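**Student:** Take this structure first; my questions come after.
Since every read-out is calculated from the coordinates, none of them should be taken as a lab result. Source: prediction; values computed, not measured. When we count neighbours, we look across all protein chains shown, and the Cβ atoms used for this are built from the backbone with ideal geometry, even at glycine.
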Amino acid sequence: MAKVAIVVGSRSDLPRVERARNTLEDFGVSYELRVLSAHRTPAEVAAYGRSARERGIRVIVAAAGLAAALPGALAAETTLPVVGLPVSAGPLQGIEALLAMAQMPPGVPVGTVGIDSGTNAALQAVRILALEDAELAGRLESYQRRQRDAVLEADREVSG
Ligand code: RP5
């Protein structure tokens, strides 16, 4: 059963969630992928948000561009944590989506990551799941160790 939902606002957003998908797969976290639009399919978004918890989803990653209402619309319908992933679509290159997701009204939180930051969106979901999963927490520690080792190796190379 999927524990993470990745929801995108349009088929055109799919390439922007590749890193999120790869990261979840690297951590062995099951996810489902849906295309639902806050503006074009509002009824389906509401129904999805309302049923997500009872279907076993624990974190929702919602990716959208332009006037990116999707994560907020989902957060309005669920008590699950929602990670907002702003996508660089359109002439403002994601700035508008970033602001729309970050500036939610009090009471309807969306934890927003950077523009096109699919890796961090997935890692935030993994960290939330790891609160109740020691094995997953161990994988996060290994991931952090590998990152640290890579930087230290680069430092050794350049500093002689
Ligand atoms: C948003 O509008 C979507 O999330 C997408 O980033 C953007 C453009 O959508 P399309 O016109 O490509 O379907 O709702």
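**Student:** Choose one answer from Ala150, Ala64, Ala125: the residue with the largest mean-square fluctuation in a GNM of the chain with alpha-carbon springs under 10 Å.
**Tutor:** Greatest mean-square fluctuation among the candidates belongs to Ala150.
**Student:** Relative contact order (percent) for segment 18-159, with alpha-carbon contacts under 8 angstrom and 6 or more residues of separation?
**Tutor:** RCO, segment 18-159: 23 percent.
**Student:** Counting every Cα pair in segment 14-153, what percent are over 23 Å apart?
**Tutor:** Percent of Cα pairs beyond 23 Å in segment 14-153: 34.
**Student:** Now for a different question. So what's the back-of-envelope 222 nm ellipticity for the chain, counting only DSSP H runs of four-plus at -39500 (n - 2.57) apiece and dividing by all residues, rounded to 500?
**Tutor:** Helix contribution divided over all residues of the chain: -14000 deg cm²/dmol.
**Student:** Once you list every other residue whose beta carbon is under 15 Å from the beta carbon of Glu153, what net charge do they have if Lys and Arg are +1 and Asp and Glu are -1?
**Tutor:** Cβ neighbours under 15 Å give a net charge of +1.
**Student:** Step through the residues of segment 82-87 one at a time and calculate ³J(HN,Hα) from phi using the Karplus curve (6.51 cos²θ - 1.76 cosθ + 1.60, θ = phi - 60°), rounding each to whole Hz and writing x for Gly and Pro.
**Tutor:** Values, residue by residue: 10, 9, x, 10, x, 10 Hz.
**Student:** List every residue whose amide H lies under 5 Å from the amide H of Val8, counting only residues 5 or more places away in sequence or on a different chain, with H placed 1.01 Å from N in the peptide plane.
**Tutor:** Arg34, Val35, Leu36, Ala63
**Student:** Using the Karplus curve 6.51 cos²θ - 1.76 cosθ + 1.60 with θ = phi - 60°, work out ³J(HN,Hα) for each residue of segment 70-76 in order, rounded to whole Hz, and write x for Gly and Pro.
**Tutor:** Once rounded to whole Hz, the list reads 4, x, x, 5, 5, 4, 5.
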